[in-house]
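Visitor: Dumping the structure here so I can ask a few things about it.
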Amino acid sequence: MTIKCGDKLPNVYLHENTPDSKVNISELAAGKKVVIVGVPGAFTPCCSKDFVPNFISDCGKYKSKGVDEIVCISVNDPYVMAAWGKDLNAGGKVRMLADGNGAFTKALGLEKDFADTLGTSSSRCKRFSMYAEDGVVKKLFVEPDGHSVTCSKSENLLSQL
């Protein structure tokens, strides 16, 4: 079942920078206003040139609307996500969290096989953007095809807050 507005975020651990640094996404969102974006893969062209950089550059706009944190999630290992965050200069603006085993993506019901696009048969995350308050989804935009950048882009989510 796919997550929808009104649902609570799943109680799932992600990783930040290393496998030893666990972050429980429901605990992270408790008592906060959080933007969560999901992408098919770190370092992919669209994600690196357009999608995630726009959330990074819009960080101040989100903060002015009361957002406490912006989090980017991908089914990658924590070392890749840390390197990607460094490459994008995301530090202090967007936290890069790894969903290494895809547990968060599966709990959201947003998994997709990107074998034709990414050359891997493992399940990845559909592109989405989400706004949650105190761990409850208030706004959710999932790309119909799983990878385009239309409804999930930063400017769209920002306009809904």
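Visitor: Along the charge dipole of the chain, pointing to its positive end and built from +1/-1 on Cβ of Lys, Arg, Asp and Glu, which listed residue (LEU110, LEU161, CYS5) has its Cα farthest out?
Guide: Positive-end residue among those listed: LEU161.
Visitor: Further, regarding this structure: In deg cm²/dmol, rounded to 500, what helix-only [θ] at 222 nm does the chain give when every DSSP H run of at least 4 residues adds -39500 (n - 2.57) and the total is split over its residues? Kindly include the intermediate steps, with their values, before the conclusion.
Guide: Details: 7 runs with 43 residues, N = 161.
When only DSSP H runs of four or more count, the value is -6000 deg cm²/dmol.
Visitor: Answer with one residue from SER57, HIS15, ALA42: the one whose Cα lies farthest towards the positive end of the charge dipole of the chain, charges on Cβ with Lys, Arg +1 and Asp, Glu -1.
Guide: The listed residue farthest towards the positive side: SER57.
Visitor: If each of ASN24 and PHE43 carries a label point 7 Å out from its Cα toward its Cβ, how far apart are those two points in nm?
Guide: Simple spin-label model gives 3.3 nm for this pair.
Visitor: Full-extension gain between LYS139 and LEU161, please, as 0.36 nm times their residue separation minus the C-alpha to C-alpha distance.
Guide: Numbers: separation 22, 0.36 × 22 = 7.92 nm, distance 0.85 nm.
Between LYS139 and LEU161, full extension yields 7.1 nm more.
Visitor: Please list 38-51, 134-147 highest first by mean number of surrounding beta-carbon atoms within 10 Å per residue. Each step should come with its number before you reach the end.
Guide: Working: 38-51: 18.4, 134-147: 16.4.
Going from most to least packed, we get 38-51, 134-147.
Visitor: Name the trypsin sites (Lys or Arg not before Pro) in segment 51-116 that are in a loop by DSSP and that have at most 15 other C-beta atoms within 10 Å, would you? Kindly include the intermediate steps, with their values, before the conclusion.
Guide: Numbers: sites: LYS61, LYS63, LYS65, LYS86, LYS93, ARG95, LYS106, LYS112; in loops: LYS65, LYS93.
Here the sparse-neighbourhood loop sites are LYS65.
Visitor: Further, regarding this structure: Give me, ordered by chain and number, the residues 5 or more places off VAL12 or on other chains with an amide H under 5 Å from its own placed amide H.
Guide: For VAL12, the qualifying residues are ILE25, SER26.
Visitor: A further question on this structure: About its Cα centre, what dipole magnitude does the chain give when the only charges are +1 on Lys and Arg Cβ and -1 on Asp and Glu Cβ, stated in debye to the nearest 20? Could the numbers behind the result be given before it?
Guide: Numbers: 20 positive and 19 negative charges, 83 e Å.
In total the dipole reaches around 400 debye.
Visitor: List nothing, just return the count: lysine pairs in segment 26-135, 8 or more apart or interchain, with Cα separation under 19 Å.
Guide: Lysine pairs, 8 or more places apart or on different chains, close enough: 16.
Visitor: Can you give the extra length, in nm with one decimal, that the chain gains between LYS63 and ASN11 once fully stretched, where that is 0.36 nm per residue apart less the Cα-Cα distance? Spell out each step's value before the answer.
Guide: Working: separation 52, 0.36 × 52 = 18.72 nm, distance 2.49 nm.
The LYS63-ASN11 span can extend by a further 16.2 nm.
Visitor: Ok, one more. Could you check how much of the accessible area of the chain is carbon and sulfur, as a whole percent, using a 1.4 Å probe? Don't skip to the end; give the middle numbers.
Guide: Numbers: 3590 of 7330 Å².
Here carbon and sulfur together make up 49 percent of the probe-accessible area.
Visitor: For the pair ASP50/LYS32, report the inter-label distance in nm, with labels modelled 7 Å from Cα in the Cβ direction.
Guide: 2.9
Visitor: Only one of the values (i) 17.0; (ii) 15.2; (iii) 20.7 was calculated from this structure for Kirkwood radius over Cα pairs in Å; name its label.
Guide: Given (i) 17.0; (ii) 15.2; (iii) 20.7, the structure-derived one carries the label (ii).
The values are calculated or read from the model by the stated rules, or taken from the named source; none is laboratory data. Since we're looking at a predicted model, the values are computed, not measured. Heads up, the Cβs are rebuilt from the backbone with ideal geometry, glycines too, and the neighbour counts pull from every protein chain shown. In case anyone asks, the SASA skips ligands and DNA or RNA and just uses the protein heavy atoms, side chains included. Shrake-Rupley method; radii C 1.70, N 1.55, O 1.52, S 1.80 Å.
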